[in-house]
Amino acid sequence: MAGDHVIIMPAVKANAYGHGVIMACKALEEAGASVLAVGNIDEAIHVRKAGVKCRIVIFASNLVKEVADLYVKYDLTPTVMYDFQAKAISDAATAAGKK
């Protein structure tokens, strides 16, 4: 209904609002979701370790610099508000041999 060129990002934070984050993420991915959003990096890692392959965006940006290596390791997308956060992600990706 939204159109062919529109990407919809379901928010599955807080255990998919009580519905079970893993079950919800796998169902959404199976239904064609290409990107999902979670509230923090712990949720994102939990989802990634459960086998969810699509892009995962993390709403919280307060610890991007401190855990940049985890964003890179688990192929997660941060919400970046400041240039030092972007630099931390870039530096961690470069150190891991990724873009």
Practice problem: Compute the signed sum of charges (Lys and Arg +1, Asp and Glu -1) over the other residues within less than 12 Å, Cβ to Cβ, of Lys13. | Solution: -2
Quiz prompt | Violating pairs (Cα-Cα greater than 20 angstrom) within the set Lys13/Lys98; Lys53/Lys98; Lys73/Lys98 | solution = Lys13/Lys98
Quiz item: For the chain, which GluC sites (Glu not before Pro) are in a loop by DSSP, counting at most 11 other Cβ atoms within 10 Å?
Solution: Glu66
Practice problem: Write down the Å³ per residue value for the convex hull defined by the alpha carbon atoms of the chain. | Solution: 112
Quiz item: So, counting K/R as plus one and D/E as minus one, what does the shell of residues with Cβ under 13 Å around Cys54 add up to?
Solution: +1
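Read-outs throughout are calculated quantities, based only on the coordinates presented, and are distinct from any laboratory measurement. This one's a predicted model, so the numbers in the text were calculated from it and none came from an experiment. Please note: Cβ atoms are built from the backbone with ideal geometry, for glycine as well, and neighbour counts cover all protein chains shown.
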